[in-house]
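Enquirer: Pasting a structure here, questions to come.
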Amino acid sequence: MSLDKMTIANRYAKALFELVVEQDQLDETFEELVQLRQVFQTNDSLAAVLTGAELSLFEKQSLIQVLTNGASTVVANLIKMVFDYGRMDDMVAIIDEFERRYDSRKQRVHAKVVTAVKLDATQKNQLVQTFAKRIGAKHVLIDEQVDPSILGGVIVSANNETLDGSLSSKIEQIRRLLVK
């Protein structure tokens with residue numbers, strides 16, 4: 001029976017998360033995993049090469065040695081174990097799931113913010129503070145996008161919810177009311 005990517009990611013991330021919390025290495029491990037994910041995302045064929053049959057086992061082990069060089073024991077062991085089980089193509093999903101758990105523990109929320117014009121630092125700070133207070137988060141990390149078609153206001157998407165305060169949506173609401 002083959003396990004799906006999310007089941008695999010959840011199992012590895014849960015075990016790793018519990019281990020590093022127990023060892024009081026959560027923040028350090030998270031930072032390492034973010035860097036490791038960047039390596040996999042920058043070299044998008046790396047996971048396929050480490051999982052596929054193009055390279056010999058010796059060549060793959062050489063690449064694993066490069067990945068584990070300078071890594072903490074727990075991250076190096078994760079890399080080796082994921083490689084040994086032939087799941088290198090699941091590494092980014094494992095790290096993503098670990099980050100989801102990290103965010104939950106640290107009360108961090110990732111939000112996509114769409115505005116008609118680029119926000120200055122003060123506006124961005126005020127938006128982050130207001131949104132954090134509204135959802136009960138300690139930290140809000142925003143991915144800011146500019147879309148002039150919304151005309152004004154802001155659209156914030158986080159945790160599968162969207163708060164649409166855009167001028168374009170308000171105009172559309174008025175238009176629908178007038179048509180009734």
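The values are calculated or read from the model by the stated rules, or taken from the named source; none is laboratory data. What you are looking at is a predicted structure, and each value in this text was computed from that prediction instead of being measured. Counting neighbours? That spans all protein chains shown, and the Cβs are built from the backbone with ideal geometry, glycine included.
Enquirer: Checking the structure you have, find out if any residue of the range 144-152 is of a type outside the set (A, V, I, L, M, F, W, C), touching a residue at least 40 places away in the same chain (Cβ under 8 Å), outside the structural domain of R37 (by TED's automatic domain parsing) and out of contact with any Lys or Arg (no Cβ under 9 Å at 6 or more places or on another chain).
Expert: Among the residues of the range 144-152, not one is of a type outside the set (A, V, I, L, M, F, W, C), touching a residue at least 40 places away in the same chain (Cβ under 8 Å), outside the structural domain of R37 (by TED's automatic domain parsing) and out of contact with any Lys or Arg (no Cβ under 9 Å at 6 or more places or on another chain), which makes the answer no.
Enquirer: Considering only residues that are surrounded by fewer than 17 Cβ atoms within 10 Å (Cβ to Cβ) and of a type in the set (F, W, Y), look in the range 51-104 and name the one that is nearest to H139 (Cα to Cα).
Expert: Across the range 51-104, the extreme among qualifying residues is Y85.
Enquirer: Could I ask something else about it? Restricting attention to the range 164-180, which residues are small (G, A, S) and under 16 Å from V117 (Cβ atoms)? Spell out the reasoning first.
Expert: Start the filter on the range 164-180 by keeping residues that are small (G, A, S), which leaves 165-166, 168-169.
Correct list: G165, S166, S168.
Enquirer: Would you check which residues across the range 137-163 are out of contact with any strand residue (DSSP E or B) (no Cβ under 9 Å at 6 or more places or on another chain) and more than 10 Å from A116 (Cα to Cα) and list them?
Expert: Of the residues in the range 137-163, the ones out of contact with any strand residue (DSSP E or B) (no Cβ under 9 Å at 6 or more places or on another chain) are 148-149, 151, 160-161.
Selection gives N160, E161.
Enquirer: Right, something else. Got at least one residue in the range 126-142 being of a type in the set (D, E, K, R), under 16 Å from the mean Cα position of the chain (by Cα) and either surrounded by 12 or more Cβ atoms within 10 Å (Cβ to Cβ) or not assigned by TED's automatic domain parsing to the domain that holds Q41 (or both)? Spell out the reasoning first.
Expert: Restricting attention to the range 126-142, the residues satisfying the condition of being of a type in the set (D, E, K, R) are 133-134, 138.
So of that shortlist, the ones also under 16 Å from the mean Cα position of the chain (by Cα) come out as none.
The answer is no; no qualifying residue exists.
Enquirer: Is there any pair with a first residue in the range 76-91 that is within 15 Å of V49 (Cβ to Cβ) and a second that is surrounded by fewer than 16 Cβ atoms within 10 Å (Cβ to Cβ) and of a type outside the set (G, A, S) whose Cβ atoms are under 7 Å apart and which are 6 or more apart or on different chains, and what are they?
Expert: Cβ pairs passing all conditions: D90/K5.
Enquirer: Test of understanding: among L36, L46, L19, L50, which residue is closer than 20 Å to A71 by Cβ, touching a Lys or Arg at 6+ places or on another chain (Cβ under 7 Å) and either without any contact (Cβ under 8 Å) to a residue 60 or more places away in the chain or not assigned by TED's automatic domain parsing to the domain that holds M81 (or both)? Explain how you work it out, then say what you get.
Expert: On the way: L36 fails: touching a Lys or Arg at 6+ places or on another chain (Cβ under 7 Å); L46 fails: touching a Lys or Arg at 6+ places or on another chain (Cβ under 7 Å); L19 fails: touching a Lys or Arg at 6+ places or on another chain (Cβ under 7 Å).
Only one candidate qualifies: L50.
Enquirer: Can you pull out every residue in the range 56-75 that is without any contact (Cβ under 8 Å) to a residue 24 or more places away in the chain and either closer than 13 Å to R37 by Cβ or assigned to a helix (DSSP H, G or I) (or both)? Don't jump to the end; show me each part of the working.
Expert: Here is the first cut: in the range 56-75, the ones without any contact (Cβ under 8 Å) to a residue 24 or more places away in the chain are 56-66, 68-70, 73.
The answer is L57, F58, E59, K60, Q61, S62, L63, I64, Q65, V66, T68, T73.
Enquirer: Now for a separate question. Inspect all residues belonging to the range 110-117 and state whether any of them is within 26 Å of N160 (Cα to Cα), free of Cβ contacts under 8 Å to residues at least 40 places away in the same chain and exposed (fewer than 12 other Cβ atoms within 10 Å of the Cβ).
Expert: Yes, there is a match, as at least one residue in the range 110-117 is within 26 Å of N160 (Cα to Cα), free of Cβ contacts under 8 Å to residues at least 40 places away in the same chain and exposed (fewer than 12 other Cβ atoms within 10 Å of the Cβ).
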